[in-house]
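Colleague: One structure, pasted below without further comment.
The values are calculated or read from the model by the stated rules, or taken from the named source; none is laboratory data. Because the structure is a prediction, the values reported are computed rather than measured. We place every Cβ from the backbone using ideal geometry, glycine too, and count neighbours over all the protein chains shown. All accessible areas refer to the heavy atoms of the entire protein, side chains included, with ligands and DNA or RNA removed. Shrake-Rupley method; radii C 1.70, N 1.55, O 1.52, S 1.80 Å.
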There are 2 protein chains.
Amino acid sequence: MAVLLSVTGFDPSRWWEALHNAAPERKIVVDPAAAGDEPIDYAVVWKQPPGLLATLPHLKAVFSLGAGVDHILADRDLPDVPIIRIVADDLKERMSEYVVWRVLDHFRRGRAYRQQQMQKIWHERMQPAAREITVGIMGLGVLGQDAAEKLRVMGFEVTGWSRREKTVEGVTTFAGNAGLPAFLESADILVVLLPLTADTRGIIDATLLAGLRRETPLGGPVLINAGRGALQDEAAILEALDSDRLMEASLDVFTVEPLPSDSRLWIHPKVFVTPHAAALSDPDALAPIVMRQIAAHERGEALNNLVDRSAGY
Amino acid sequence: MAVLLSVTGFDPSRWWEALHNAAPERKIVVDPAAAGDEPIDYAVVWKQPPGLLATLPHLKAVFSLGAGVDHILADRDLPDVPIIRIVADDLKERMSEYVVWRVLDHFRRGRAYRQQQMQKIWHERMQPAAREITVGIMGLGVLGQDAAEKLRVMGFEVTGWSRREKTVEGVTTFAGNAGLPAFLESADILVVLLPLTADTRGIIDATLLAGLRRETPLGGPVLINAGRGALQDEAAILEALDSDRLMEASLDVFTVEPLPSDSRLWIHPKVFVTPHAAALSDPDALAPIVMRQIAAHERGEALNNLVDRSAGY
């Protein structure tokens, strides 16, 4: 039995090594032909070449190297086998670091103080208390719930929105299209951690941005997107920033990655750009989780963290 | 009975209003002469003019408008009455926001990503996990302990140093001069929240900086000072930054405030300057605490949060 590691966009060698170290007895191949006579029972993938998985007759399950699975489901010839997302403390903690970091930087006026420093201006800015600020989180999965908990520890009010109704301790939740207007109205800082599905594609558009509170204790609403670039309409975000409808934005993901050098997001003074680095998938932390799940499945145990293909996440 | 509000460096009117609103029946004066025949039993001060308090024969207690009291004790003619520091959730929460914000910004490579954005460089930086980083906190009072707890929630290892031995849950603690070398060696990011006393004046000097770990998962140690400017030797900090002995620094306090425009700290690319804004003393949040303590004392109750004048904090 062999495991196929199939990625595009980066060098698979660190992942190969980590998977190998996690289970040295398994054959891990990056090219199906290298498996020889051994059947390929499992695939571990990031943006696998379309059609590749359909050529593996023995395939029992597909594992994603990240929290999202849209890169797997984009394959129109995807065989009908279970798809498993990675759920790992490491990934969750890194994402919450990014969210709390960006919320605090906007909330504590990092941009204004960096500008003042460049001009040698000693001036204390008006600073609301965290309890006066509501952070609204779109997407209440494992990542959204962990970020909510940490933001609450920091003193923020937290609201949340998800497609299906959810109950999260200490968080006022809203659900579905019907709940969206009231959710948007609740948020001074909007954090997007949604999966990319047919329902969520392009959801951060002019209409959504127009639904955010106009007056906030910080002077205007803030957008933070660490979900997927295809969730956002970048022209609408730029227009909202230019018209002061949005105060500032932190974007980690973009409709085209790497962000093209002619994108105005790179040079907009109100935008903070990171290169899809909010939550690095650390092979050493994540590979053992995948290999343990494969071993458990081989022993006949059920797979955890299965993706609902009809919902898209 | 009247209360004297005596501040220098800023307009006292917001404090006057907040104290008045908290106890409208009390006479609050900013000039002792305005009390007329009424004795001044209490003073609420920030850097009171030296000698002023000694002219008040009825004075029963002095309240500080901030967490520190060095600005009160600097008065050589200070009468021998109890001095009370403010202990308030609002102040503590604001300070912890600043500490977590600055730790995350250094840890998540804010400076590097801002530079990359200016150059339109799409490049994911090596990012250790929070559990690989130790934040060392100097000063384990109310502020240091709250910051420690929030940093632990974010996943960091936390160590602490104080003059006298302290036990703080989940924090490895060190004490006194004997404990300082091992403490410094433990820290990847050093956070200073010490009170300014005869013992701590100038403590952040070349010797202390040379005692920090040389190799850290971030590439070098980081200094964050939100205590008092007089704790730090600014020439030594600049020298440590120039020689790459220190990787970066966030400074909220300075030996001379406002920071003079010819200070190289303003323009050093590795330094983030804020104008003594880490924890704003919000009159509306703090005045009721002071006035409640005065009322309790008038009823014969003991005063809380008394300063130990011999220790200086």
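Colleague: Semi-axes, largest first, in whole Å: what does sqrt of 5 times each Cα gyration tensor eigenvalue give for region A:172-279? It would help to have the intermediate numbers written out before the result.
Modeller: Details: eigenvalues 88, 59, 27 Å².
Semi-axes, largest first: 21, 17, 12 Å.
Colleague: Would you mind checking the pairs B:Lys27/B:Lys60; A:Lys270/B:Lys270; B:Lys27/B:Lys92; A:Lys92/A:Lys166 and listing those with alpha carbons more than 27 angstrom apart?
Modeller: B:Lys27/B:Lys92
Colleague: What is the spread of the Cα atoms of region A:112-162 along each of their three principal axes, largest first, in whole Å?
Modeller: 43, 19, 16
Colleague: Further question: Suppose R0 equals 22 Å; then what is the FRET efficiency for B:Arg214 and B:Glu132 from their Cβ-Cβ distance, rounded to the nearest 0.05?
Modeller: 0.85
Colleague: Right, next: Report, to two decimal places, the Cα Rg of region B:38-123 normalised by 2.2 N^0.38 Å (N = number of residues).
Modeller: Details: Rg = 21.6 Å, N = 86, 2.2 N^0.38 = 12.0 Å.
So the Cα radius of gyration is 1.81 times the expected 2.2 N^0.38 Å.
Colleague: Same structure again: Restrict the search to region B:135-166; then list the trypsin sites (Lys or Arg not before Pro) that DSSP places in a loop and that have at most 14 other Cβ atoms within 10 Å of their Cβ.
Modeller: Filter output for region B:135-166: B:Arg164.
Colleague: Counting only C-alpha contacts under 8 Å and six or more residues apart, can you give the relative contact order of region A:89-273 as a whole percent? Write down the numbers at each step before the final one.
Modeller: On the way: 320 pairs, mean separation 31.5, N = 185.
Rounded, it is 17 percent for region A:89-273.
Colleague: May I ask you to give the solvent-accessible area per residue for chain A, in square angstrom, as obtained with a 1.4 angstrom probe?
Modeller: Numbers: 12900 Å² over 313 residues.
Value returned for chain A: 41 Å² of accessible area per residue.
Colleague: Using the Cα atoms of the protein assembly as shown to build a convex hull, what is its mean projected area in square nanometres? Show your work: numbers first, answer last.
Modeller: On the way: hull surface 126.1 nm².
Reported value for the Cα convex hull: 31.5 nm².
Colleague: Can you list the equivalent-ellipsoid semi-axes of chain B, largest first and in whole Å, using the square root of 5 times each Cα gyration tensor eigenvalue?
Modeller: Numbers: eigenvalues 302, 79, 67 Å².
Over the Cα atoms of chain B, the ellipsoid semi-axes are 39, 20, 18 Å.
Colleague: Compute and list, largest first, the equivalent-ellipsoid semi-axes of region A:89-273 from the alpha carbon gyration tensor, each √(5λ) rounded to a whole angstrom. Intermediate results must be reported in sequence, preceding the final value.
Modeller: Details: eigenvalues 115, 82, 50 Å².
With the √(5λ) rule applied to region A:89-273, the semi-axes are 24, 20, 16 Å.
Colleague: Using modelled amide H (1.01 Å from N, peptide plane; none on Pro or chain starts), what sits under 5 Å from the amide H of B:Val44, excluding residues fewer than 5 places away?
Modeller: B:Leu4, B:Leu5, B:Ser6, B:Phe63
Colleague: Also, quick follow-up: Suppose we compare each residue of region A:268-287 in its chain alone and in the full protein complex with a 1.4 Å probe; which ones drop by at least 20 Å² of accessible area?
Modeller: Hits at the 20 Å² cut-off: A:Phe272, A:Val273, A:Pro275, A:Ala277, A:Leu280.
Colleague: So what's the convex hull volume per residue for the Cα atoms of region A:235-313, in Å³? Present the calculation step by step, with values, prior to reporting the outcome.
Modeller: Working: hull volume 11.7 nm³, N = 79.
Taking only Cα atoms, region A:235-313 has a hull volume of 148 Å³ per residue.
Colleague: Which residue in A is nearest the A/B rotation axis when you measure from the C-beta atom, and what is the distance in Å?
Modeller: A:Val153, 2
Colleague: Which residues of region B:86-101 show a drop of at least 50 Å² in accessible area when all protein chains are present, compared with their chain alone (probe radius 1.4 Å, heavy atoms only, ligands and nucleic acids excluded)?
Modeller: Residues losing area: B:Arg94, B:Glu97, B:Trp101.
Colleague: Taking the Cα centre of the protein assembly as shown as origin, sum charge times position over the Cβ atoms of Lys and Arg (+1) and Asp and Glu (-1), and report the length of that vector in debye to the nearest 20.
Modeller: The dipole magnitude comes to about 220 debye.
Colleague: Taking all protein chains as present, what is the carbon and sulfur share of the accessible area of region A:62-118, in % to the nearest whole number, probe 1.4 Å?
Modeller: Numbers: 760 of 1680 Å².
Carbon and sulfur together cover 45 percent of it.
Colleague: What GluC sites (Glu not before Pro) does region B:130-195 have in DSSP loop regions with at most 13 other beta carbons within 10 Å?
Modeller: Working: sites: B:Glu132, B:Glu149, B:Glu157, B:Glu165, B:Glu169, B:Glu185; in loops: B:Glu165, B:Glu169.
Passing sites in region B:130-195 are B:Glu165, B:Glu169.
Colleague: Under a Cβ-only charge scheme (Lys and Arg +1, Asp and Glu -1), can you give me the dipole magnitude of region B:89-273 about the Cα centre, in debye to the nearest 20?
Modeller: Computed about the Cα centre, the dipole is about 360 debye.
Colleague: Less than 12 Å apart at the alpha-carbon level, and either on another chain or at least 8 residues along: which aspartates and glutamates does that give for B:Lys47?
Modeller: Correct list for B:Lys47: B:Asp70, B:Asp75.
Colleague: What number comes out for the charge environment of B:Leu212, summing +1 per Lys or Arg and -1 per Asp or Glu over other residues with Cβ under 9 Å away?
Modeller: After counting each charged neighbour, the total is +1.
Colleague: How about region A:213-305: which chymotrypsin sites (Phe, Trp or Tyr not before Pro) there are in a DSSP loop, with at most 14 other Cβ atoms within 10 Å of their Cβ?
Modeller: Of the chymotrypsin sites (Phe, Trp or Tyr not before Pro), not one in the loops of region A:213-305 has a Cβ with at most 14 other Cβ atoms within 10 Å.
Colleague: Also, quick follow-up: Rounded to whole Hz and in sequence order, give me ³J(HN,Hα) for region B:258-264 from the Karplus expression 6.51 cos²θ - 1.76 cosθ + 1.60, θ = phi - 60°, writing x for Gly and Pro.
Modeller: Rounded to whole hertz, the list is x, 4, x, 5, 8, 6, 6.
Colleague: Still on this model: Counting only protein heavy atoms and rolling a 1.4 Å probe, how much accessible area do B and A lose on contact, total for both sides, in Å² to 100? Mind showing how you got there, number by number?
Modeller: Values: alone 15160 and 15130 Å², together 25810 Å².
Answer for the B-A pair: about 4500 Å² buried.
Colleague: Oh, and also: First measure r as the distance between the Cβ atoms of A:Glu17 and B:Arg125, then evaluate 1/(1 + (r/R0)^6) with R0 = 25 Å and state the FRET efficiency to the nearest 0.05.
Modeller: Approximately 0.75, to the nearest 0.05.
Colleague: Give me the percent of accessible area attributable to carbon and sulfur for region B:172-287, probe 1.4 angstrom.
Modeller: 52 percent
Colleague: For region B:210-249, taking Cα atoms only, what is the radius of gyration to one decimal and the Dmax to the nearest whole Å?
Modeller: When restricted to Cα atoms, region B:210-249 yields Rg and Dmax of 10.3, 30 Å.
Colleague: If each of B:Arg264 and A:Met118 carries a label point 7 Å out from its Cα toward its Cβ, how far apart are those two points in nm?
Modeller: Label-label distance for B:Arg264 and A:Met118, simple model: 2.3 nm.
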